[in-house]
1. Count, please, the residues in the range 40-59 that happen to be in contact (Cβ under 8 Å) with a residue 60 or more places away in the chain, out of contact with any Leu (no Cβ under 9 Å at 6 or more places or on another chain) and closer than 18 Å to residue 122 by Cα.
2. Taking into account only those residues within the range 245-281 that are in a loop (DSSP other than H, G, I, E, B) and of a type in the set (A, V, I, L, M, F, W, C), which is farthest from the ligand (Cβ to nearest atom)?
3. Sort through 406, 362 and tell me the only one that's in contact with a strand residue (DSSP E or B) (Cβ under 7 Å, 6 or more places away or on another chain) and on the phi < 0 side of the Ramachandran plot.
4. Just one of the numbered conditions (1) under 17 Å from residue 23 (Cβ atoms); (2) more than 12 Å from the ligand (Cβ to nearest atom) is not true of residue 339; which one?
5. Which one of these does residue 363 not meet: (1) open to solvent by 100 Å² or more (accessible area, probe 1.4 Å); (2) among the small types (Gly, Ala, Ser); (3) more than 28 Å from residue 322 (Cα to Cα)?
6. If a residue has to be open to solvent by 10 Å² or more (accessible area, probe 1.4 Å) and within 11 Å of the chain's Cα centre (by Cα) to count, how many in the range 106-155 make the cut?
7. Just for strands (runs of 3 or more DSSP E) wholly inside the range 34-92: which have at least 1 residues that are among the aromatic types (Phe, Trp, Tyr) and more than 19 Å from residue 300 (Cα to Cα)?
8. Within the range 70-80, can one find any residue that is open to solvent by 70 Å² or more (accessible area, probe 1.4 Å), over 19 Å from residue 281 (Cα atoms), in contact with a His (Cβ under 8 Å, 6 or more places away or on another chain) and not hydrophobic (A, V, I, L, M, F, W, C)?
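The values are calculated or read from the model by the stated rules, or taken from the named source; none is laboratory data. No experiment lies behind these values; they were computed from the predicted model shown. All Cβ positions, glycine included, derive from the backbone under ideal geometry; neighbour counts span all protein chains shown. The area values use the complete protein model at the heavy-atom level, side chains included, leaving out ligands, DNA and RNA. Shrake-Rupley method; radii C 1.70, N 1.55, O 1.52, S 1.80 Å.
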Amino acid sequence: MINIPKGTKDALPSEIHKWHFIEAAARRTSEKYGFKEIRTPVFEHTELFARGVGDTTDVVTKEMYTFLDKGGRSVTLRPEGTAGVARAFIENGLQGGVMPFKTYYLISAFRYERPQAGRLREFHQFGAELYGAEGPAADAEAIAFAYRFLREIGVTAAVRLHINSIGCPACRAKYQEALREYFRPNLADMCEDCRSRFDKNPMRMIDCKEERCKKYTANAPRMLDFLCDDCRAHFEGVKSLLTAAGIRYDVDPSIVRGLDYYSRTVFEFTSDALGAQSTVLGGGRYDTLLSQLGAKPTPAVGFAAGLERLIMLLDTLNLAPSLQRTDCYLLGMDDASREKAFLLAEELRSEGLICETDLVERSVKAQFKYADKLGARFVVVLGEEELKEGLAEVKDMEHSTSRRVRFGALAQYIKQGRKL
Ligand code: HAM
């Protein structure tokens with residue numbers, strides 16, 4: 001017996017309706033904001049993520065699925081969607097097209113992390129990216145879009161929006177220096193990750209989860225106190241649009257995000273209803289990524305939501321949609337009525353109904369049991385007499401009633417009946 005690799009999951013037919021529910025909400029919401037879908041490869045040249053996501057991040061230094069292909073090139077399974085979309089935008093010359101450029105994706109992504117509830121090695125994201133708008137309205141639209149998506153799936157009451165600004169490269173450099181000064185006296189007491197971040201990117205020390213580091217990070221200087229005038233005005237602009245749109249948020253200076261490309265606005269939606277992995281959606285502005293990858297300077301903002309975490313949230317809150325039930329099961333008693341059941345099922349499907357019939361020659365009793373397992377709302381019973389008269393015995397399984405219905409009127413009868 002070969003088992004599934006650690007940190008991966010099957011999405012089984014009995015659960016798939018939850019995925020479809022979330023994916024449909026993602027597509028519906030994307031359309032409302034004018035975002036069109038993009039599909040990029042599952043693997044890219046390793047260099048793209050090293051340069052794009054950032055070589056001081058855990059994602060790049062510890063978590064990438066990287067291998068040499070048979071041609072000896074180093075390729076990596078995408079750990080997220082943003083870098084691949086940026087590459088596709090540049091490579092396909094989309095800068096010359098309609099701007100702002102707006103796109104969304106539903107993808108699987110891969111990170112070699114220690115698996116736990118809500119943290120997988122293969123996981124799925126709904127993400128969106130908006131290029132070519134530098135003002136606060138673009139950040140606010142990205143957040144409003146994320147919020148509307150969460151509202152479409154019904155979880156807004158159980159999530160909180162946290163926002164922060166991590167400034168631009170200019171004001172952040174001053175902040176990083178202030179952080180080094182603050183952490184330096186206690187550095188020896190902090191974890192290995194923090195010690196290595198100290199030189200490369202001390203801001204990432206702020207969201208260290210180690211207990212021994214938390215006592216130092218709690219009172220660390222805040223980026224918000226170091227913002228330059230432009231970054232401050234931008235952040236005020238985002239906040240006032242969110243307030244005007246009735247989207248509630250907490251300003252949370254500890255939100256720094258785990259990927260290197262961000263600047264200015266960063267945000268996360270978290271839920272107390274989940275365990276340690278409580279962030280269901282994260283994103284922010286990243287104005288330097290595109291030029292870093294070779295485009296002319298192009299401001300950008302986006303987000304991604306974790307689909308497994310959203311499903312966990314729906315399950316925890318008891319909000320998951322129920323499996324779509326079968327409208328009717330057609331039961332044949334002998335060879336002739338089985339054939340009629342097959343043909344009537346085809347006709348009813350043409351009318352848009354969900355129908356099943358017997359494929360394994362079960363007894364009448366076993367067919368009723370099977371119809372019950374399918375959750376069939378109606379069972380259409382066909383025997384010798386029914387065939388002769390052109391009438392079927394239709395049992396309403398929910399109301400335990402029964403009625404004889406002409407074959408030609410079955411579709412209409414079932415369509416009306418399933419509404420009751
Ligand atoms: P991220 O915060 O790394 O951002 O991931 C976004 C979301 O994906 C997380 O909030 C979480 O719900 C889910 N997620 C991440 N890692 C895992 C995992 N190992 N298992 C299960 N779920 C996970 C990004 O990926 C950015 N590309 C988002 C973005 C788009 N920023 C700008 N544009």
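1. Of the residues in the range 40-59, 2 are in contact (Cβ under 8 Å) with a residue 60 or more places away in the chain, out of contact with any Leu (no Cβ under 9 Å at 6 or more places or on another chain) and closer than 18 Å to residue 122 by Cα.
2. In the first step, residues of the range 245-281 are kept if they are in a loop (DSSP other than H, G, I, E, B); the result is 245-249, 252-264, 271-278.
Now restrict to residues that are of a type in the set (A, V, I, L, M, F, W, C): 245, 247, 255-256, 259, 273-274, 276.
Working: 245: 20, 247: 18, 255: 10, 256: 11, 259: 6, 273: 14, 274: 9, 276: 12 Å.
Across the range 245-281, the extreme among qualifying residues is 245.
3. Values: 362 fails: in contact with a strand residue (DSSP E or B) (Cβ under 7 Å, 6 or more places away or on another chain).
Among 406, 362, only 406 is in contact with a strand residue (DSSP E or B) (Cβ under 7 Å, 6 or more places away or on another chain) and on the phi < 0 side of the Ramachandran plot.
4. Just one mismatch for residue 339, condition (1).
5. All conditions are met except number (1).
6. Within the range 106-155, residues that are open to solvent by 10 Å² or more (accessible area, probe 1.4 Å) and within 11 Å of the chain's Cα centre (by Cα) number 6.
7. Working: elements: 43-45, 65-68, 74-77.
Counting at least 1 such residues, we get 43-45, 65-68.
8. Yes, the conditions are met somewhere in the range 70-80.
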